[in-house]
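Accompanying notes for the structure given below.
The values are calculated or read from the model by the stated rules, or taken from the named source; none is laboratory data. Here the structure is a predicted model, which means the values were calculated and not measured. Using ideal geometry, Cβ is built from the backbone for each residue, glycine included, and neighbour counts are taken over all protein chains shown.
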């Protein structure tokens, strides 16, 4: 997403790269990612949920699950923000043939050294690109040791 032009703070990038527990601090960062691109929660197409953190979930009370409270909202906020920056369709951002997903797949193949031939769907509806465990280890190693300015800027 960063290679595709997404500009976010380190805190926002961390939430994009991870799942979260739904704390109010996490939700604020997800909102910040969205608002930075002129978007709001309605752009998210992930599975709605309540916060995972037991204290936050109890405080949530009887409120309905939301896309923002789901543990993957940071990733989805990053995806729709990247689409907005590039003028790509927002409604179909989870489709494996969407330009965003193709860009993610290409980057993952480059880092892992493996061709991705199988695509699943994770619990939030996003494509899940299948690689071997050794490919995953290679991707992490290559990312951390990369001299690519895009990777270095992200870290």
Tally of residues being more than 16 Å from the chain's Cα centre (by Cα) and either exposed (fewer than 11 other Cβ atoms within 10 Å of the Cβ) or modelled with pLDDT under 95 (or both) across segment 117-131: 2
Please pick out the residue among 153, 114, 107 that is surrounded by fewer than 12 Cβ atoms within 10 Å (Cβ to Cβ) and in contact (Cβ under 8 Å) with a residue 12 or more places away in the chain. 153
Residue ID - nearest to residue 150 (Cα to Cα), chosen from residues in segment 30-44 that are touching a residue at least 40 places away in the same chain (Cβ under 8 Å) and under 13 Å from the mean Cα position of the chain (by Cα): 33
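Regarding segment 95-106, can at least one residue be identified that is at positive phi and over 12 Å from the mean Cα position of the chain (by Cα)?
Applying the first criterion (at positive phi) to segment 95-106 yields none.
The answer is no, given that none of the residues of segment 95-106 is at positive phi and over 12 Å from the mean Cα position of the chain (by Cα).
Give segment 57-105 a look and list any residue that's part of a helix (DSSP H, G or I) and modelled with pLDDT under 95, or say none. Outline the logic, then answer.
So the first thing to find is which residues in segment 57-105 are part of a helix (DSSP H, G or I), and the list is 57-60, 73-86, 99-105.
Correct list: 57, 58, 59, 60.
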Is it the case that segment 1-21 has a residue that's over 24 Å from residue 85 (Cα atoms), in a loop (DSSP other than H, G, I, E, B) and touching a strand residue (DSSP E or B) at 6+ places or on another chain (Cβ under 8 Å)? no
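Scan segment 122-150 for residues that are assigned to a strand (DSSP E or B) and either closer than 20 Å to residue 10 by Cβ or without any contact (Cβ under 8 Å) to a residue 24 or more places away in the chain (or both) and jot them down. Steps first, answer last, please.
If we filter segment 122-150 for residues that are assigned to a strand (DSSP E or B), which is where we start, we get 127-129.
Once the filter is applied, which keeps residues that are assigned to a strand (DSSP E or B) and either closer than 20 Å to residue 10 by Cβ or without any contact (Cβ under 8 Å) to a residue 24 or more places away in the chain (or both), segment 122-150 yields only 128.
Among the residues in segment 66-79, are any assigned by TED's automatic domain parsing to the domain that holds residue 50, surrounded by fewer than 19 Cβ atoms within 10 Å (Cβ to Cβ) and free of Cβ contacts under 8 Å to residues at least 40 places away in the same chain? Write out each step before concluding.
Keep residues of segment 66-79 that are assigned by TED's automatic domain parsing to the domain that holds residue 50, which gives 66-79.
Adding the requirement that they be surrounded by fewer than 19 Cβ atoms within 10 Å (Cβ to Cβ) leaves 66.
Then drop every residue that is not free of Cβ contacts under 8 Å to residues at least 40 places away in the same chain, which leaves 66.
Yes - at least one qualifying residue is present in segment 66-79.
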Exception for residue 28 within (1) under 14 Å from residue 51 (Cβ atoms); (2) in contact with a helix residue (DSSP H, G or I) (Cβ under 8 Å, 6 or more places away or on another chain); (3) in a helix (DSSP H, G or I) falls at (2)
